[in-house]
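The values are calculated or read from the model by the stated rules, or taken from the named source; none is laboratory data. Given the structure is predicted, the values throughout are model-derived calculations rather than measurements. Neighbour counts run over all protein chains shown; Cβ positions are idealised from the backbone, glycine included.
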Amino acid sequence: MHIVKIITFVLVLVGALNWGLVGAFGIDLVALIFGDMTLLSRIVYILVGVSAIIYAIAAYKDLSKFD
């Protein structure tokens, strides 16, 4: 499970940095690297979204241990 947390953290970080670049400079790094809405860029976006859900659930479970 530790590896899953690391992978999800990295993907969430990639997504957050990408959104920061989009907001600040209008640069979509994923689209620049993989193309605008190509299959590969869509896969990256989906993996980032799923990782955010998994990371949020894992963080909630970690916090519930302290109750």
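Please indicate, with yes or no, whether at least one residue in segment 38-59 is in a loop (DSSP other than H, G, I, E, B) and free of Cβ contacts under 8 Å to residues at least 12 places away in the same chain.
Checking segment 38-59: at least one residue is in a loop (DSSP other than H, G, I, E, B) and free of Cβ contacts under 8 Å to residues at least 12 places away in the same chain.
Confirm whether residue 38 is surrounded by 11 or more Cβ atoms within 10 Å (Cβ to Cβ), at pLDDT below 95 and among the β-branched types (Val, Ile, Thr).
So residue 38 does not fit the description; no.
Being farther than 17 Å from residue 4 by Cα, exposed (fewer than 12 other Cβ atoms within 10 Å of the Cβ) and under 13 Å from the mean Cα position of the chain (by Cα) is the filter here; which residues of segment 44-67 pass it?
Within segment 44-67, no residue meets the criteria.
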